[in-house]
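The values are calculated or read from the model by the stated rules, or taken from the named source; none is laboratory data. Not measured: the values here are computed from a predicted model. Cβ coordinates were reconstructed from backbone atoms using ideal geometry, including for glycine residues, and neighbour counts include every protein chain displayed.
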Amino acid sequence: MTRLTRALRHRNYRLFFTGQSLSLVGTWITRVATSWLVYRLTGSALLLGVVSFCGQIPTMLLAPFAGVLVDRWDRHRLLVVTQILSMLQTLALALATLGHVITVPWLLGLQVVQGLINAFDTPARQAFVVEMVEDRADLPNAIALNSAMVNGSRIIGPSIGGALIAAVGEGWCFLADAISYIFVVASLLLMRVRTAPERRVEARVLKELREGFYYVRASLPIRTALIVLAIVSTMAMPYTVLMPAFVHDVLHGGPSTLGLLMTASGAGALAGGVYLASRTSVVGLGRVVMYATLAFGTGLIAFSLAGNLWLAVAALPVVGAGFMVQMAATNTVLQTLVDDRLRGRVMAFYTMAFFGTAPIGSLLAGAAAARFGSPTTIAAGGVVSIASGLWLASRLPALRAIVRPIYVERGILPVPAVDSGTKTL
């Protein structure tokens, strides 16, 4: 157990983990409630995609610029601001819904606001992990625990959300989420963070942005990892957007069924997080990403073919585990390879690949589902995911040759292991 939770010995990370765990339960409650509210108001699979697009497109457009600013600003202070703003946005959504004045345009506007906040919050949070964990050897464990935390809340949150929607409606779900932000803000304020000296900046934002882009483009391992993540996030991950339509049209269920399916996916993702947390080295993670991508695609195809609730519940843990392991292992590889001075910018590109491409995928998925149905659209995403995993498999030998000397230089891999041909990635 100590090996699984070794990053928690760092006080700041322990505070963050506790506060964020409670807050993320509220976030997942809101995700379920938002999807259900949109489908209840409109009955449109296309609008499910449009709402998701509005919540994520600011991340795609602003994340690269936000990454430059994350490398310049105090990340701790920035996170306090973004979490408070997120709390206010969710409170506005709750009051509008409880007051029965919520409309689709209002919902779209509030989603855009949250997307603007997330464009800065996500790369700052990813880059700040290094500052909370003083011992770099514990960094992979901290990233894995972050993923386990997200997906542990994904098990609890949707179940609570489905029950709350059925009992009292979506507005109370949003209010519960707004209250949950208090915990993560408190955890950030209680941290003891060394104030970093102000970085003297002479270059313009666009020049620093270009520097980050050229760095990513020149690094074959980083570039390949981001491409695979972007393809899967665009074409396969939008299955979550289509869940309400799949539940309503295929399984003939309600909000409780939606909560159960999201919980099943979250259970698989949690298991994947525990697996990654149990690993003691980043060596071999490229192979893990490849297998996880293949498993994600296979699970999606099985889910799309499920004709009843229990077959769908059986397929979704594979889906959840596959995507979570792919996403978190990619994050770990990037955090291990990137230079510290460019960490915010590279994690901004990671944010674009993970979250920023999703709005395009959401629109494509919504339009495809309206024309061909949600099962066919989900299955197509699974096929694309499998193809991406096979492409990555073909590139692994070349990537290992590049990563091996970097790991040796940073003390991750001893020199004798190089001579023995150890698989580093």
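Quick look at the numbers
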{"read-out": "Enumeration of residues in region 97-150 that are closer than 30 Å to G169 by Cα and among the charged types (D, E, K, R)", "value": "D121"}
{"read-out": "Qualifying positions in region 275-294 - over 11 Å from Q326 (Cβ atoms) and aromatic (F, W, Y)", "value": "Y275"}
{"read-out": "Total residues in region 120-165, condition among the polar types (S, T, N, Q) and either more than 16 Å from M347 (Cα to Cα) or at pLDDT below 75 (or both)", "value": "5"}
{"read-out": "In region 15-46, the residues that are aliphatic (A, V, I, L, M) and modelled with pLDDT under 80", "value": "A45, L46"}
{"read-out": "Restricting region 167-178 to residues that are in contact (Cβ under 8 Å) with a residue 12 or more places away in the chain and out of contact with any Gly (no Cβ under 7 Å at 6 or more places or on another chain), the residue that is nearest to L37 (Cα to Cα)", "value": "E170"}
{"read-out": "Any chance L62 is modelled with pLDDT of 80 or more and of a type in the set (A, V, I, L, M)", "value": "yes"}
{"read-out": "Pairs where the first residue, in region 72-88, is assigned to a helix (DSSP H, G or I) and the second is surrounded by 19 or more Cβ atoms within 10 Å (Cβ to Cβ) and among the hydroxyl-bearing types (S, T, Y), C-beta under 8 Å, 6+ apart", "value": "Q83/S23; Q83/Y181; I84/Y181; S86/Y181; M87/Y181"}
{"read-out": "Residue satisfying all of: in region 295-312; of a type outside the set (G, A, S) and under 16 Å from A380 (Cβ atoms); surrounded by the fewest Cβ atoms within 10 Å (Cβ to Cβ) among these", "value": "L305"}
{"read-out": "Filtered residue count, region 215-261, keeping only those that are free of Cβ contacts under 8 Å to residues at least 60 places away in the same chain and not in a helix (DSSP H, G or I)", "value": "2"}
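Here's the yes/no breakdown for (1) in contact with a strand residue (DSSP E or B) (Cβ under 8 Å, 6 or more places away or on another chain); (2) surrounded by fewer than 23 Cβ atoms within 10 Å (Cβ to Cβ); (3) of a type outside the set (S, T, Y):
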{"site": "M60", "(1), (2), (3)": "no, yes, yes"}
{"site": "A66", "(1), (2), (3)": "no, no, yes"}
{"site": "L69", "(1), (2), (3)": "no, yes, yes"}
{"site": "L78", "(1), (2), (3)": "no, yes, yes"}
{"site": "T82", "(1), (2), (3)": "no, yes, no"}
{"site": "A96", "(1), (2), (3)": "no, yes, yes"}
{"site": "T103", "(1), (2), (3)": "no, yes, no"}
{"site": "W106", "(1), (2), (3)": "no, yes, yes"}
